[in-house]
Amino acid sequence: MIRRAFLQACCLAAMMAFGSGVADAAQDKLKVVASFSILADFARNVGGDRVDVSMLVGPGGDAHVYTPTPADARNVAAAKLVIVNGLGFEGWLSRLVKAAGNKATIVTATKGITPRKNKADDHKHAHGDSHDDEADPHAWQSVPNAKFYVANIRDALIAADAAGADTYRANADRYLKKLDELEREVRQAVDTIPADRRKLISTHDAFGYLADSYGIAFIAPQGVSTESEATARDVARIVTQIKAQKIPAVFLENVSDPRLMRRIAQESGAKLGGTLFSDSLTDEKGDAATYIEMIRHNIRTLANALAG
Ligand code: ZN
């Protein structure tokens, strides 16, 4: 009897200790804030259960032109790590971090990637808007670049939470293998498109890294930022180009107004090839709830529309 009571008390104490341990762990999760949805997905994959990841620009949002809220400032103030893309993508972020006044480590996920420079083309010269030395921020659109993002996030998590080093390494390794598989899928899909049909029109210049990596030509009426608007002259130029180069399809983007592309399709006779996810994931119910789903969706949409 005494022995049984002792066992019960012992178990109860153990359970209580275990219970409080779990509660502590939940509160003690490493607080990570990502500037936009794609970075948040990478951070969740690498951080797993040890991290609490939130994002500033949510699914469907446009990080080029975001206006932070007071809630964002509180969120950043409480964070241990703030993960950003860099390459000039989040022009609004440094002010937010300053306003939040905290000592969070800022992790630039594109560190080590060779930035693609925005080439000055005729259209930019035409309206005196030369961005020739501006870096293109959309590095995530090439899967080999995504591996840099993952490695940078892994190293930052290890630096912030050494006790989780093995977990972060194992999670990152597992995810990097998935990216290798994804890269093979992308290359196979591109191979199905005849070489003379690997060209298309998309709203803003978000796919330069994809174009460079996989040999597909993207032409965009807007520049690398959605901030600039296409002029009537830009539209006329693109319509002429579509006809002259027999560009098979025009694509919509999830972060851009579809009207411009519909008009270009109508005036040029090119078909509408579907929607590409450029700068944001969708919510869980959408076609691109994760980075891997996004790339898969984009490449299938491209291959279906361009294969002819
Ligand atoms: Zn963009």
Given the conditions (1) within 16 Å of the ligand (Cβ to nearest atom); (2) open to solvent by less than 40 Å² (accessible area, probe 1.4 Å), which single one is not true for P258? (2)
Take the conditions open to solvent by 20 Å² or more (accessible area, probe 1.4 Å) and among the polar types (S, T, N, Q) and apply them to T192. Does it pass? yes
For region 88-98, which residues satisfy the criterion of being open to solvent by less than 50 Å² (accessible area, probe 1.4 Å) and either part of a loop (DSSP other than H, G, I, E, B) or away from the ligand (no atom under 16 Å from the Cβ) (or both)? F89, E90, W92, L96, V97
Total residues in region 27-71, condition within 16 Å of the ligand (Cβ to nearest atom) and in a helix (DSSP H, G or I): 6
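Let's see how each residue does on (1) under 23 Å from F89 (Cα atoms); (2) in contact with a Pro (Cβ under 8 Å, 6 or more places away or on another chain); (3) at pLDDT 95 or above:
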{"residue": "S213", "(1), (2), (3)": "yes, yes, no"}
{"residue": "A220", "(1), (2), (3)": "yes, no, no"}
{"residue": "V235", "(1), (2), (3)": "no, yes, no"}
{"residue": "F251", "(1), (2), (3)": "yes, no, no"}
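Hey, could you check region 219-241 for residues that are within 13 Å of the ligand (Cβ to nearest atom) and among the hydroxyl-bearing types (S, T, Y) and say which is surrounded by the fewest Cβ atoms within 10 Å (Cβ to Cβ)?
Per the stated criteria, the residue is S228.
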Restricting attention to region 242-254, which residues are of a type outside the set (A, V, I, L, M, F, W, C) and either within 16 Å of the ligand (Cβ to nearest atom) or over 30 Å from the mean Cα position of the chain (by Cα) (or both)? K243, Q245, K246, E253, N254
Would you check which residues across region 254-288 are aliphatic (A, V, I, L, M) and touching a residue at least 60 places away in the same chain (Cβ under 8 Å) and list them? V255, M261, I264, A270, L276, L281
Residue pairs within 8 Å by beta carbon, gap of at least six or interchain, first lying in region 37-65 and within 12 Å of L81 (Cα to Cα), second within 15 Å of the ligand (Cβ to nearest atom) and aromatic (F, W, Y), listed first then second, are M55/F36
Number of the exception - I201 against (1) closer than 19 Å to L281 by Cβ; (2) within 16 Å of the ligand (Cβ to nearest atom): (1)
Could you check region 207-218 and list, in sequence order, the residues that are open to solvent by 10 Å² or more (accessible area, probe 1.4 Å), more than 14 Å from the ligand (Cβ to nearest atom) and in contact (Cβ under 8 Å) with a residue 24 or more places away in the chain? D212, S213, Y214, G215
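The values are calculated or read from the model by the stated rules, or taken from the named source; none is laboratory data. For clarity, every value in this text was computed on a predicted model and none was experimentally measured. So basically every Cβ, Gly included, is an ideal-geometry build from the backbone, and we count neighbours across all protein chains shown. Surface areas here come from the heavy atoms of the whole protein model, side chains and all, with no ligands, DNA or RNA. Shrake-Rupley method; radii C 1.70, N 1.55, O 1.52, S 1.80 Å.
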